[in-house]
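Notes follow once the structure below has been shown.
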Amino acid sequence: MARAASARRRIAFTIIGWAVGFLVFFPILWTVLTSFKSEGTAIAIPPQFLFFDWTAENYATVQSRSNYLRHMTNSIVISLGSTLLGLLIAIPAAWAMAFSPTRRTKDVLMWMLSTKMLPAVGVLVPIYLLFRDFGLLDSRAGLTAVLTMINLPIIVWMLYTYFREIPADILEAARMDGASLGKEIVYVLAPMAVPGIASTLLLNVILAWNEAFWTLNLSTSQAAPLTAFIAAYSSPEGLFWAKLSAASTLAIAPILVLGWFAQRQLVRGLTFGAVK
Amino acid sequence: MATLHTRASARLMMAPAVILLLAWMIVPLGMTLYFSLLRYNLLMPGMESFTGLGNYVYFLTDPAFGTALANTLLLVGGVLAITVIGGTGLALLLDQPFFGRGIVRLLVIAPFFVMPTVSALVWKTMLMHPVNGLFAWIARSLGFAPVDWFADLPLLSIILIVAWQWLPFATLILLTALQSLDEEQKEAAEMDGAGAVSRFVYIVLPHLARAMTVVVLIETIFLLSVFAEILVTTNGGPGVQTTTITYLVYMQALLQFDVGGASAGGIVAVVLANIVAIFLIRLIGKNLDR
């Protein structure tokens, strides 16, 4: 009796769960499907769900018409560059705070967090003017620098929460056993620190890839990453649904895959360790 | 000796991060504060003059400011309501064992990874278009008149799009919190004859309260800065119906080139965000002590 009831319950939840999951995911699925339609089929009423003439021509058109690869490259350079730069600055800082904490460590961490809460519009005007005067508008270097700064607090925090979990005793044990500093880092610290660093890298590439305030305001064409490139499809006369869908699918696919891998780190990173 | 040495090297290791963040915060914010006291328009170079609080008076008495503030609060409040309630429901659902739960969870969190410009344009065109959109087709198929979303309900349309993007975040955090709930406690309550509803109200909800607070505070920080979704869908219109504080400052700065006015607006935005930030910092700080 009880078993039958629980099996029925399981089946009911399977149906509800999949229905809800499908609904939430639907806009993405619809975008992918539309990217394989002709422009005529894309706006057809009633909508064509699966049985239409599948075509990949939109992908070719998007590339040939607007040099899609350049914007893709910009996105990769800016998101990866800003994350690596951020790690380079943050790893020593997080390391020091996790292993030689002082009375003020907590205050420093809190203050770093507070800089993240500064709304972007509060500094839009001076950053824009500084960029203009230094010739950084619409440059990869400028965007990389800004994204490094806006994500630096998150990087420091994430690394700190990971590093704090590395037991300090183990370092002493290694030292007692006569390990040199070099060996200590390579054989003891690195294996324990790398997973945390990798998770931080993953989450921050995602955040930088999707950042859409500074990239939209500080780039126009040359350095425009995908966020800004897709925004150009918003003009009413340039609205081609199938091509918009193809460009969008390419823009979200790589990061969606990364995001699925990073889902556990997402919670930790974005709540600054408040929820684990 | 050793501690002195480590302390010095610890300072050295922290220096780059601290100095860079300090510069990033103080230099532009100081400039914004300074500009906010000037009459300064990029279209009239060389005409800068001190105006005291004139820009603040102008910004705060602009009728658009009241609307923008109301829009900002509606946007943040609307998205929070949808994501917290929807996220709780989804988290409870994903906490049940069922076939393919892992895959469903991947489907549910997917919208969070879609860049804002893509989700806004996909919703605006392919779903919400009044003639060819999917919603219009569904409405007509069911015998209703299709809604012209961005003409008739522009702010609600943006709220729905942004809520769709943030629903996964709330779900994931509430699910994480839910999974840390002690099963025995629930079972004990069940044995004592507590129904599903009272178990939810008296055990699950209090347990989720902290995670919900975190969701509300962190989302608020991000939602106060919603920008791309407005830029690519409505440009703040029709009129100022979807203009938020963030968007108002953007328009003043990069469309009207009014450096002074935009800076005053920027400072106002900073003050508003700080009110939320204080609560968030306290909450996270408390957690750090544990």
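For the condition of a type in the set (A, V, I, L, M, F, W, C) and either surrounded by fewer than 16 Cβ atoms within 10 Å (Cβ to Cβ) or not in a helix (DSSP H, G or I) (or both), B:A188 qualifies. Here A:M112 clears all of (1) buried (at least 20 other Cβ atoms within 10 Å of the Cβ); (2) at pLDDT 90 or above except the condition numbered (2).
Of the residues in the range A:118-132, at least one is at the interface with another protein chain (Cβ under 8 Å from one of its Cβ atoms), over 18 Å from A:A228 (Cβ atoms) and either open to solvent by 20 Å² or more (accessible area, probe 1.4 Å) or basic (K, R) (or both). Exactly one residue out of A:I127, A:I154 is modelled with pLDDT of 90 or more and β-branched (V, I, T), and it is A:I127. When restricted to residues that are hydroxyl-bearing (S, T, Y) and in contact with a Ser or Thr (Cβ under 8 Å, 6 or more places away or on another chain), the range A:41-82 contains 4.
When B:G86 is tested against (1) facing chain A (nearest Cβ under 7 Å); (2) touching a residue at least 40 places away in the same chain (Cβ under 8 Å); (3) more than 16 Å from A:L33 (Cβ to Cβ), just one condition goes unmet, and that condition is (1). Counting the residues of the range A:51-83 that are in contact (Cβ under 8 Å) with a residue 40 or more places away in the chain and within 15 Å of the chain's Cα centre (by Cα) gives 10. Which residue pairs have Cβ atoms under 9 Å apart, sit 6 or more places apart or on different chains, and have a first residue in the range A:90-115 that is facing another protein chain (nearest Cβ under 7 Å) and a second that is of a type in the set (D, E)? Qualifying pairs under 9 Å: A:K106/B:D289. Return the residue satisfying two criteria in turn: it lies in the range B:212-251 and is over 16 Å from the mean Cα position of the chain (by Cα) and free of Cβ contacts under 8 Å to residues at least 60 places away in the same chain, and of such residues it is surrounded by the fewest Cβ atoms within 10 Å (Cβ to Cβ). In this case the residue turns out to be B:G239. Among the residues of the range A:232-251, those identified as open to solvent by 10 Å² or more (accessible area, probe 1.4 Å), part of a helix (DSSP H, G or I) and of a type outside the set (D, E) are A:A232, A:Y233, A:S234, A:P236, A:G238, A:W241, A:K243, A:T249, A:L250. Being more than 14 Å from chain A (Cβ to nearest Cβ) and modelled with pLDDT of 90 or more: is that true of B:V79 here? It is true that B:V79 is more than 14 Å from chain A (Cβ to nearest Cβ) and modelled with pLDDT of 90 or more. Every condition in (1) buried (at least 16 other Cβ atoms within 10 Å of the Cβ); (2) without any contact (Cβ under 8 Å) to a residue 24 or more places away in the chain; (3) part of a helix (DSSP H, G or I); (4) not acidic (D, E) is met by A:A179 except one, and the failing one is (3). The set of residues from the range B:27-53 being more than 10 Å from chain A (Cβ to nearest Cβ), open to solvent by 30 Å² or more (accessible area, probe 1.4 Å) and either at positive phi or assigned to a helix (DSSP H, G or I) (or both) comprises just one member, B:G46. B:L272 meets the conditions (1) farther than 27 Å from B:F35 by Cβ; (2) within 9 Å of chain A (Cβ to nearest Cβ); (3) open to solvent by 20 Å² or more (accessible area, probe 1.4 Å) in every case but one. The failed one is (1). Among the residues of the range B:11-19, are any open to solvent by 100 Å² or more (accessible area, probe 1.4 Å), at pLDDT 90 or above and closer than 30 Å to A:L159 by Cβ? Yes: the range B:11-19 contains one or more residues that are open to solvent by 100 Å² or more (accessible area, probe 1.4 Å), at pLDDT 90 or above and closer than 30 Å to A:L159 by Cβ. Which members of the range B:111-159 meet the condition of being open to solvent by 10 Å² or more (accessible area, probe 1.4 Å), in a helix (DSSP H, G or I) and more than 9 Å from chain A (Cβ to nearest Cβ)? Listed by number, the residues that qualify are B:F135, B:I138, B:A139, B:W149, B:F150, B:A151, B:D152, B:L155, B:L156, B:I159. Tallying residues that are touching a residue at least 12 places away in the same chain (Cβ under 8 Å) and either open to solvent by 40 Å² or more (accessible area, probe 1.4 Å) or small (G, A, S) (or both) within the range B:201-211 yields 4. Among the helices (runs of 4 or more DSSP H) confined to the range A:1-87, the ones with at least 3 residues that are open to solvent by less than 30 Å² (accessible area, probe 1.4 Å) are located at A:2-34. Consider the range A:152-165 and keep the residues that are open to solvent by 10 Å² or more (accessible area, probe 1.4 Å) and either aromatic (F, W, Y) or part of a helix (DSSP H, G or I) (or both). The one that is nearest to the other protein chains (Cβ to nearest Cβ) is A:Y160. The residues in the range A:213-231 that are open to solvent by 10 Å² or more (accessible area, probe 1.4 Å), part of a helix (DSSP H, G or I) and either touching a helix residue (DSSP H, G or I) at 6+ places or on another chain (Cβ under 6 Å) or more than 9 Å from chain B (Cβ to nearest Cβ) (or both) can be counted, and the count is 4.
The values are calculated or read from the model by the stated rules, or taken from the named source; none is laboratory data. The structure displayed is predicted, hence computed values, not measured ones. As a convention, Cβ positions derive from the backbone with ideal geometry for all residues, glycine included, and neighbour counts pool all protein chains shown. In case anyone asks, the SASA skips ligands and DNA or RNA and just uses the protein heavy atoms, side chains included. Shrake-Rupley method; radii C 1.70, N 1.55, O 1.52, S 1.80 Å.
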